1. Determine if the stretch 66-89 includes at least one residue that is within 21 Å of residue 133 (Cα to Cα) and at pLDDT below 95.
2. Can you give me the number of residues within the stretch 1-16 that are surrounded by 10 or more Cβ atoms within 10 Å (Cβ to Cβ), free of Cβ contacts under 8 Å to residues at least 12 places away in the same chain and farther than 17 Å from residue 183 by Cβ?
3. Is it the case that some residue within the stretch 72-87 is surrounded by fewer than 23 Cβ atoms within 10 Å (Cβ to Cβ), under 22 Å from residue 171 (Cα atoms) and out of contact with any helix residue (DSSP H, G or I) (no Cβ under 6 Å at 6 or more places or on another chain)?
4. Would you confirm whether or not the stretch 90-108 contains a residue that is touching a strand residue (DSSP E or B) at 6+ places or on another chain (Cβ under 8 Å) and in contact (Cβ under 8 Å) with a residue 60 or more places away in the chain?
5. Would you mind stating whether residue 114 is in the same structural domain as residue 28 (by TED's automatic domain parsing), closer than 21 Å to residue 152 by Cβ, touching a strand residue (DSSP E or B) at 6+ places or on another chain (Cβ under 7 Å) and in a loop (DSSP other than H, G, I, E, B)?
6. Filter the stretch 128-151 down to the residues that are under 17 Å from the mean Cα position of the chain (by Cα) and under 20 Å from residue 68 (Cβ atoms), then identify the one that is surrounded by the fewest Cβ atoms within 10 Å (Cβ to Cβ).
7. Quick one: would you say residue 105 is modelled with pLDDT of 95 or more, surrounded by fewer than 20 Cβ atoms within 10 Å (Cβ to Cβ), assigned by TED's automatic domain parsing to the domain that holds residue 10 and under 25 Å from residue 40 (Cβ atoms)?
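The values are calculated or read from the model by the stated rules, or taken from the named source; none is laboratory data. Just so we're clear, the structure is a prediction, and the values are computed from it rather than from any experiment. Here the Cβ positions follow ideal geometry from the backbone for every residue, glycine too, while neighbour counts run over all protein chains shown.
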């Protein structure tokens, strides 16, 4: 009889490489807008040197402060997977540190998401291997269990299923169901295309866009009239009619 609280499941990913690649350049903020700003994480943040996290979810449910099943997950996860750990949220014991993140990177895992603390932040922050976590604690983990692998988990209130697309940047993280991924990517791509319409190559301090700034002008830029922007974006309210950048 299996011991209660311990379970290891297998999962066959269904997201194609082509679908995954579509999210590589999409901003989390724009994904959030398209998804009505009701999903995703808000309390987890990146601790690595910089760069997006993107891959298929390999989920872990573990007892707070215990990383036994996280070790097993590193052994099982395929290259390109993101190990997503529901470790109980705000806790006192770190789930991973320098050794485990380095091991995961050597296995070509795409990153780690920990809903709980981590440690060895100085080392992790100097490397590009993506690590998102809730907090930091010097206290190390236990290795007793229980825990489960490839089960549905909750990360900062966001439901994550095995095989979901995990995408994250400095603004946060999203888990995207495979069956709606291409449709979502198409909508986000349309938003980003519209943003570029209101971008200006001369505005070096504001490289992303002038979206949502009706009437915003600066030297060397084209002018967006307030009327045009209100019609196009459906925005209301009084905003500055001009602006000059230093």
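1. yes
2. 0
3. yes
4. There is no residue in the stretch 90-108 that is touching a strand residue (DSSP E or B) at 6+ places or on another chain (Cβ under 8 Å) and in contact (Cβ under 8 Å) with a residue 60 or more places away in the chain.
5. Working: in the same structural domain as residue 28 (by TED's automatic domain parsing): yes; closer than 21 Å to residue 152 by Cβ: yes; touching a strand residue (DSSP E or B) at 6+ places or on another chain (Cβ under 7 Å): yes; in a loop (DSSP other than H, G, I, E, B): no.
In short, no.
6. Of all residues in the stretch 128-151, those under 17 Å from the mean Cα position of the chain (by Cα) come to 128-135.
Now narrow it down to the ones that are under 20 Å from residue 68 (Cβ atoms): 131, 133-134.
Numbers: 131: 26, 133: 26, 134: 23.
Per the criteria, the residue is 134.
7. Yes: the conditions hold for residue 105.
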